[in-house]
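Asker: Dropping the structure in here first, questions after.
Please treat every number below as a calculation from the coordinates, not as lab data. Quantities reported herein were computed from a predicted structural model and do not represent experimental measurements. Don't worry about glycine lacking a Cβ; one is built from the backbone with ideal geometry, like all the others, and counts go over all protein chains shown.
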Amino acid sequence: MAIQPQEQPLRSEPSIDRRRPLATPTVSRHRFAWRPDQHWEAYLFLLPSLAGFLLFVLIPVLGSLLLSFGELKLSGAFQLVGIGNYRELWRDPVFWRAVQNTAYFMVAIVPLQLIFGLLLALALNQPLRGKLAYRVIYFMPVVTTIVAGAIVFQYLLNRDFGPISQIFWSLGLKPPNFLSDPSWQKPSVVLLTLWKNTGFTMVIYLAALQGVPQELYDAAEVDGASAWQRFRNVTVPLISPTTFFLFVLQMIGAFQLFTEAYVMTRGSGGAPAQATLTVVYYIYQNAFAFNRMGKASAIAWFLFLFIFIFTFIQTRMQRRWVYYEVN
Amino acid sequence: MATLALPRPVAQRNYLWLHGLLLVGSIVMLTPFAFMLLVSFWPKNAFMAHRYPLDQFTIQNYFEVFRQTPFGRYYLNSIIVSVSIVLLQLLTSSLAAFAFARLRFRGREVLFLLYLATLMIPFQVTMIPNYILVARFLQWRDTYQALILPTSFSAFSTFLLRQYFKGIPLEMDEAARMDGAGSFRIWWQIILPLSGAVLATLAIFNFQAAWNDFLWPLVITNKESMRTIPIGLASFQGQFSTEWHLLMAGSVIALVPVLIIYILGQNWFVRGITLSGMGGR
């Protein structure tokens, strides 16, 4: 059941209406559209933004690159060390541990978040009574300060009196030590992140679902397509740009995971746990605890490289499997 | 065909199982909030004895939190910082977006590409040089300008506003110019009033991001009096890590105003997230 993008009369009509008759001359164009004094005027408009960008983005980017090839002493003296920081990272087991942990979080969080978000959006896209209330509830954690969320999850998962452990005890089971057992710390952070972010993917998916034209479903139904076939052949291809977009966004977001791990594991044992040391956490530690600004910058450039390559590959792959509407 | 396109009569009975699933999900989502409230009203460590003292109830914890920590000050800081960031971002981005969308000047395409390229740079790359610049060179640690300025310039807002401004017919500018208006007046009296919805949306999205920002305020503030709410709450947690009744009361204090604003204006929130999240599509 192939869907032809051209078969969308309702979509294309407005653009025909707006089309200007070719004969009408655009009177003003050559007289008013461009004047030389717009040059300095435009620069004035750009000035505040450009100044801010130079000071807080462009110069820092160059500074960071330079910094990654050296080390800043406590005295303020800067010493070039060439690729020393990068070579150190290559051999640093803690760094690779952080990369590994971050990869775990990406693999665990992103697919679950997309699936839960899509399922919720599909449910709320039905003509349900009270769906506004559901949307309010599912979206509530998104506006919640992550620190407050982490505090509550620490309580919920506490081994001695946390409600989740209580359920284990009442079933006659020994609850795991969610917050200090290394094999349970990661799932605990995943749980917090899912609770916090699923409402976000839900809302974006909901907007995408509402953009799917009803005629396509009606046509599919007339052709005898089952509910699953309609989902598989109408919904999935039409929302694939959103899936792609959310996937890239969430992968990059998961790679930058910091606050969740920082708040959840700092409280339970002082120093960060090995199991929840993420790449950004390691940047933070090196820069502000170990006073290794140069090494921290090198890690930050590794992060940038990941995001760059990822965005690039995804933009390439996108052409193969993402369906875009032809307007 | 026409009848098929109409919404079918809604029989809620058919959706009973769906309501069931959504209700279970809602309970899961609300459980953390429920326990936050419950524990915040319990007397000190009443829950330690493996039971839930539902008959005991006190509001002392809230007074205690305010005695121990300047939450009022955290609030003030968060409001000053977030509102300033939002206003500055809207101002600088809409000015730049106006130039990119409506004016012609040498280097326009190159500059715009440069703006787009900075979208890909993660904050962690610029954070360390920014810290050196702000804390060491400018000696701005523990100041409002340190909390506000580095995040007040948004390539994303500029990009989004430029796309929107491009959709406004150019004839409007030309008519205004014929009547003698300058570019500044066109920006202020024609373009901005026509962009109310997108500006409001950006404002809400950026406010939320600024309000919940953690990493930058964490590294750039030391003094208690300069902390924002997330940092204040995290340091409160560091101090009282086992005093759950106080931690929960603190969390409630940090959350309630935000949640009230969210529930009152939740359509705006959702629209803001959708528009910004979809990359302006």
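Asker: Can you list the HN-Hα couplings for the range B:212-227, worked out from phi with the Karplus curve (6.51, -1.76, 1.60; θ = phi - 60°), rounded to whole Hz and with x for Gly and Pro?
Answerer: Result, ordered by residue: 8, 4, 10, 5, 5, x, 5, 7, 9, 10, 10, 5, 4, 6, 10, 6 Hz.
Asker: Name the shape class, rounded, prolate or oblate, that the alpha-carbon gyration tensor gives for the range A:94-321, where a ≥ b ≥ c are the square roots of its eigenvalues, rounded holds for a/c under 1.5, and otherwise prolate holds if a/b is larger than b/c and oblate otherwise. Kindly include the intermediate steps, with their values, before the conclusion.
Answerer: Numbers: a/c = 2.61, a/b = 1.42, b/c = 1.83.
Since a/c reaches 1.5 but b/c is at least a/b, the shape of the range A:94-321 is classed as oblate.
Asker: A further question follows. Taking amide H positions as placed 1.01 Å from N in the peptide plane, with prolines and chain starts having none, which residues 5 or more places from A:Gly70, or on another chain, fall under 5 Å of its amide H?
Answerer: Under 5 Å from the amide H of A:Gly70: A:Val81.
Asker: Specify whether the C-alpha gyration tensor of chain B places it in the rounded, prolate or oblate class, a ≥ b ≥ c being the square roots of the eigenvalues: rounded for a/c under 1.5, otherwise prolate if a/b is larger than b/c and oblate if not. Could the numbers behind the result be given before it?
Answerer: Details: a/c = 2.72, a/b = 1.35, b/c = 2.01.
Oblate.
Asker: Roughly how crowded by other chains is peptide A:274-280, in terms of the mean Cβ count from those chains within 10 Å of each of its Cβ atoms?
Answerer: Numbers: counts 0, 0, 0, 0, 0, 1, 5.
For peptide A:274-280, the averaged partner shielding equals 1.
Asker: Here's a follow-up. Going by average Cβ neighbours within 10 Å, how do the peptides A:275-281, B:84-90 rank, with the highest at the top? Don't skip to the end; give the middle numbers.
Answerer: Values: A:275-281: 23.4, B:84-90: 20.7.
Ranking, from highest mean packing down: A:275-281, B:84-90.
Asker: Across peptide B:21-29, what mean number of C-beta atoms from other chains lies inside 10 Å of a residue's C-beta? Don't skip to the answer; put the middle values down first.
Answerer: Numbers: counts 3, 11, 3, 0, 8, 6, 1, 3, 10.
Across the residues of B:21-29, the mean count of other-chain Cβ atoms within 10 Å is 5.
Asker: Once you average over the residues of A:250-260, how many Cβ atoms of partner chains fall within 10 Å of each Cβ? Could you put the intermediate results ahead of the total?
Answerer: On the way: counts 0, 0, 2, 0, 0, 2, 4, 0, 4, 7, 1.
Taking the mean over all residues of the peptide, I get 2.
Asker: Ok, one more. I'm a student and want to see the number: the projected area of the Cα convex hull of the protein assembly as shown, averaged over all directions, in nm².
Answerer: Numbers: hull surface 131.8 nm².
The Cα convex hull of the protein assembly as shown, projected and averaged over all directions, gives 33.0 nm².
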